[in-house]
Amino acid sequence: RLQHGVSGLEPLAWSEDHRVSVSTARSIAVLEQLSDVHSGGQEMVIHRTAVPAPSAACLLKVGPKKEVAECKEKFASSVDPTVSQTFMLDRVFNPEGKSLPPMRGFKYSSWSPLGCDANGRCLLAALTMDNRLTIHANLNRLQWVQLVDLTEIYGERLYEASYKLSKADTPRGELGDFSEFQRRHSMQTPVRMEWSGICTTQQVKHNNECRDVGSVLLAVLFENGNIAVWQFQLPFLGKESITSCNTIESGINSPSVLSWWEYEHNNRKMSGLIVGSAFGPVKILPVNLKAVKGYFTLRQPVVLWQEMDQLPVHSIKCIPLYHPYQKCSCSLVVAARGAYVFWCLLLISKAGLNVHNSHVTGLHSLPIVSMTADKQNGTVYTCSSDGKVRQLIPIFTDVALKFEHQLIKLSEVFGSVRTHGIAVSPCGAYLAVITTEGMTNGLHPVNKNYQVQFVTLKTFEEAAAQLLESSVQNLFRQVDLTDLVRWKILKDKHIPQFLQEALDKKIESCGSTYFWRFKLFLLRILYQSMQKAPSEVMWRPSHEDAKILISDSPGMGSTEDDQEEGTSKQASRQSLCDTGKGMDVDDTADDSLPQSSDVGGREPMEEKLLEIQAQIEAVEMHLTREHMKRVLGEVYLHTWITENTSIPTRGVCDFLMSDDGYDDRTARVLIGHILKKMNKQTFPEHCSLCKEILPFTDRKQAVCSNGHIWLRCFLTYQSCQSLVYRRCLLHDSIARHPTPEDPEWIKRLLQGPCTFCDSPVF
């Protein structure tokens, strides 16, 4: 349920890292989907945060403050009603409103690709109702931080350039002229913004070496038809990460929407911007960029639809597909225009760029309010406000394509509802829908309760098959699919036989660590399904009086039995609290076994749990050894003879070779080369409190001879001898923070995801 009503045109967006943003009248509600391996509940796990709307109104910079104030007073008191009324009623000129209601809330939000912020996750670009464009990042999971205000920066750039796009432009009128006042506002009033895919630029270092640096583009469409293309260096940290800003004149009157067109042909990436108008036309504009590796664009604009038929373009999606008849890649562009869907198939052949377009009619009786697309298979979903959702499946023909569409009646699931927006999850497992109550007996509801509903689009079997055949090979990027698998196992309390056999075959044939992580995920969920639900609520405080031994107080002595009883009660409560805090499975397994009065029925369950726990530990050990081999490989490649690194190399080598049952020729050869390089040196770690040696006997923690315990970083296996460290999203493992003294290859290791669940680290 949402706390405030939705606002904006497309209020719902689903990011690649499985966060749903909902634009509301007071904030952007962010719902993050988690596939929690430490919870036994079958419900979807949602982590909820919010990006609050700014309290101060946004005033666009159109000139010096004193001159702007004088011009506003002049226009407001003008005797010409076409000037005074236009000025007073235009909320771009008067965002604070005065007698009018305030312009609070968000107009649009857009997610960047995965890998753009400091944690390797998505950035959120937010456009408020009063035209403030900002970029936010969620760096500590609990709070969103504004990194940059692009409206302010762009206004300063225009002010310094005297509101001319190029030096060759002729100077315009003064600010006191109302048409010039309108022009300066319209050239910096954002309509929409969209992120491009991540591209690679080349940066020249001080020693004339070139290194590849990732960058991302943000295209901002303005009211006058201009498009500002911002280029950001990754990871995006703030104003200092802005590389450039170029402005393109689209020549489109009353622009309404834009989208990136990204096409790959013969290993050459082409890009452009698709712009739609409120009057109907749609066209692709070339985007010329310098110093972008392997980047190409169009020579001239391509018109996809030129009729001025007064059907406004509401939403545009571009889907990369493979043409089965032409045996090449192609682009499908779909646009919502009124109650119809306009589609255009773009295909590059030897003859040039082929364009096929048409409209799909008969979908909705009301205008389309939202459209989303599954980029995995090209399926398009549209919805109108009457609660009807259409699924459009593209089917290729010899010439172009056709659409098969079917109706999804939400009223059969939720009853009578009105829909305000839809979004499909990255792997197509869920459809998120914003709904309010519909009409009952011909009457509108008295109060509107805005809710985000999640509808499954795939069966468990389809989700499992997609996970097994995935080209991504990352569990975190497929959370929507793993959530369906999690629900099925928790419901049936066993792993289906076909999934178990298929996964074992994959592990035997290729041995990729992805399938081992998938197996670990299944075993952990199975372990949770076998657990007995606690009889008491975890968070509810206990009102029992704890028995405490106070030996110094007279008359307060107690017998040994009382002491033992009090200790056992205290230990049981501590065990319950630790289990609720989400500790590792192997740490809490002994405390959380189901207790039953029936001894005969308890033993088989305990044996089953112990068997699953043993399998979990075996898979975790395998993943640990594989990552240790990777760390040792980095050590061997980046160190000189007898060079001391902060990584406990000798301890990792000894740990790998300590198990007689572990016989890996690759590991033995690698360890032999490293020991030759170390030349009998050990370089042990030392405890920072007592300076004693920290032996490497456990992959999770290091204990010195004086009993000081330090947790180990799961990415580099160093002991984290500080009070501040990072933890993975599912609380699987911990990692240390990189330090300025760390070489580049250690910093690169510390940027990796969790070796058990692929989750990012915070």
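Data table
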| quantity | calculated |
| --- | --- |
| Amide N of region 101-128 lying under 19 Å from the label point, which is placed 7 angstrom from the Cα of Val145 along Cα→Cβ | 112, 115-126 |
| Per-residue HN-Hα couplings for region 388-403 [Karplus 6.51, -1.76, 1.60; θ = phi - 60°; Hz; x = Gly/Pro] | 9, 10, 10, 9, 10, 10, x, 10, 6, 10, 4, 8, 9, 7, 9, 10 |
| Proximal lysines to Lys506, defined as alpha-carbon separation beneath 28 angstrom and excluding residues fewer than eight positions away on the same chain | Lys375, Lys458, Lys488, Lys491, Lys493, Lys519, Lys608, Lys629 |
| For region 647-731, alpha-carbon Rg relative to the globular expectation (2.2 N^0.38 Å, N residues) | 1.20 |
| Sum of side-chain charges, Thr49 neighbourhood, beta-carbon under 11 Å (Lys, Arg +1; Asp, Glu -1) | +2 |
| Surface share of carbon and sulfur [accessible, 1.4 angstrom probe, percent] for region 59-156 | 56 |
| P(r) histogram, all alpha-carbon pairs of region 615-665 included - 10 Å bins from 0, percent | 22, 51, 23, 4 |
| Label-to-label distance, nm, for residues given as Lys491 and Gln751 (7 Å Cα→Cβ offset) | 4.1 |
| Cα-centred dipole magnitude for region 396-462, charges only on beta-carbon of K, R (+1) and D, E (-1), debye, nearest 20 | 300 |
| Cross-link partners of Lys388 among lysines (Cα-Cα below 17 Å; sequence separation of 8 or more within a chain) | Lys409 |
| From phi via Karplus (6.51, -1.76, 1.60), per-residue ³J(HN,Hα) for region 376-381 in Hz, x at Gly/Pro | 6, 10, x, 5, 10, 10 |
| Mean Cα-pair separation over length for region 1-150, i.e. relative contact order, pairs under 8 Å, 6 or more apart, % | 21 |
| Candidate lysines - alpha carbon under 28 Å from Lys691, same-chain residues fewer than 8 apart omitted | Lys676, Lys677, Lys680, Lys700, Lys747 |
| Spin-label pair Lys74/His323, simplified geometry with 7 Å Cα→Cβ offset, distance in nm | 5.8 |
| Dipole moment magnitude, nearest 20 debye, region 168-269 about Cα centre, only Lys, Arg, Asp, Glu C-beta charged | 220 |
| Leading residue at positive end of dipole, the chain (Cβ point charges), from Phe236, Val191, Tyr108 | Val191 |
| Cα gyration tensor shape for region 331-439, rounded if a/c is under 1.5, else prolate or oblate | prolate |
| Computed FRET value (nearest 0.05) for Glu469 with Leu443, which takes r as the C-beta separation and R₀ as 51 Å | 0.55 |
| Overall form of region 167-224 per C-alpha gyration tensor (a/c, 1.5; a/b vs b/c) | oblate |
| Added length on full extension, which subtracts the Cα-Cα distance from 0.36 nm per residue, Lys680 to Thr642 | 12.8 nm |
| Of all accessible heavy-atom area on region 254-412, the percent that carbon and sulfur account for (1.4 Å) | 49 |
| Relative contact order (%) - region 152-224, alpha-carbon pairs under 8 angstrom, separation at least six | 28 |
| Magnitude of the charge dipole, region 216-359, Cβ model with Lys/Arg +1 and Asp/Glu -1, debye to 20 | 520 |
| Percent accessible area from carbon and sulfur atoms, region 666-762, protein chains only, probe 1.4 Å | 57 |
| Dipole-positive endmost among Val334, Thr372, Val446 within the chain (Cβ charges, Cα centre) | Val334 |
| Point-to-point label distance, His47-Gln300, nm (Cα→Cβ direction, 7 Å offset) | 5.2 |
| Identified option (computed semi-axes √(5λ) of the Cα gyration tensor in Å; candidates (1) 52, 26, 25; (2) 51, 32, 30; (3) 50, 35, 26) | (2) |
| Cut-off 11 Å between beta-carbons: net charge of the residues surrounding Ser271, Lys and Arg +1, Asp and Glu -1 | 0 |
| Virtual paramagnetic centre 7 Å along Cα→Cβ of Arg157, amide N under 12 Å, in region 111-130 | none |
| Whole-number D in µm²/s for region 1-75 (Stokes-Einstein; Kirkwood sum over Cα pairs; 25 °C, 0.890 mPa s) | 155 |
| Stretch gain in nm, segment Val724-Ser416, where the contour uses 0.36 nm per residue and the Cα spacing is subtracted | 105.8 nm |
| Surrounding net charge for His405, when Lys and Arg each add one and Asp and Glu each subtract one, Cβ distance under 12 Å | +2 |
| Karplus (6.51, -1.76, 1.60) ³J(HN,Hα), θ = phi - 60°, over region 633-647, in Hz, Gly and Pro reported as x | x, 5, 4, 5, 6, 10, 10, 8, 5, 6, 8, 8, 9, 6, 7 |
| Protection-proxy order for peptides 189-199, 379-389, 446-456, each taking the mean of Cβ atoms within 10 Å per residue, highest first | 379-389, 189-199, 446-456 |
| Separation between Cα centres of region 119-155 and region 392-446, rounded to whole Å | 30 |
| Estimated 222 nm signal from helices in the chain, with DSSP H stretches of n ≥ 4 weighted -39500 (n - 2.57), rounded to 500 | -8000 deg cm²/dmol |
| Positive-end residue of Gln531, Leu468, Gln497, charge dipole of region 459-540 with Cβ unit charges | Gln531 |
| The chain, accessible area per residue, ligands and nucleic acids excluded (1.4 Å, Å²) | 49 |
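The values are calculated or read from the model by the stated rules, or taken from the named source; none is laboratory data. Owing to the predicted nature of the structure, the values given are computational and were not obtained by experimental measurement. With ideal geometry, Cβ positions are generated from the backbone for all residues, glycine too; neighbour counts draw on all protein chains shown. All accessible areas refer to the heavy atoms of the entire protein, side chains included, with ligands and DNA or RNA removed. Shrake-Rupley method; radii C 1.70, N 1.55, O 1.52, S 1.80 Å.
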